[in-house]
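No lab work stands behind these numbers, since they all come straight from the coordinates. Quick caveat: nothing in here was measured; it's all calculated off a predicted structure. Ideal geometry is used to build each Cβ from the backbone, glycine not excepted, and the neighbour counts take in all protein chains shown.
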Amino acid sequence: MPVLMLLVYTAVCIYILCKAKFKKSDFAKFSILSSAILLVSLFINGAVWNLVSSFFIDSQEDIQRIMPDGFFEKSYVVLCLFVSALYEELLYRQFLPDEAVCIISQSSKSGISPKFLRLATEIVIIAIFALGHRYLGLWAVVNALCAGVILRFFCIRTGSFLSGFIAHYIYNLIVFFLFLQ
């Protein structure tokens, strides 16, 4: 991830965190158990799509040439994975759905069912999240689509993005450093 993109992601995270005005109760909803269940769900999802994709493409094409070398490059990757997981969880699981609810409640005069609008916005937000992974290939987009549904479901159920962020970050670290080496 280029440094400029890292700075933009960090600025967006700071903006969302400042705008959200979290209460202590938002962080009290976090549990290690929900993060663990979510992490296992992400690995099952990833394993299924990795298996399916193995029938169609060679998954180890040129992965070695993009792997980090040395302590500083690996440290930078760890930082980038942290910021990108935080960015994605805040933006796609917290901020955009919350903003969509505000827009839907203001536009309820349109005659369209608010439940339909809510579902449509959830689908669009998850699709945008998935398409953000298109640089990794078709199967990564499908994996991200399913992972987006899982992460959003847990965000709704727990009322917090925190479990999703922790699971997402750990998942990315493990996939990057264990499975891609």
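Any chance you could run the full-extension gain for residue 178 through residue 113? It's 0.36 nm times the residue separation minus the Cα-Cα distance, nm to one decimal.
18.8 nm
Can you tell me the length gained on complete extension of the stretch residue 12 to residue 103, counting 0.36 nm per residue apart and subtracting the Cα distance?
Full-extension gain reported as 30.7 nm.
Taking the mean number of other Cβ atoms within 10 Å as a proxy for protection, how do you rank 117-124, 2-9 from highest to lowest?
In descending order of packing, they fall as 117-124, 2-9.
Mind checking the full-extension length gain between residue 48 and residue 76? Use 0.36 nm per residue of separation minus the Cα-Cα distance, one decimal, nm.
7.2 nm
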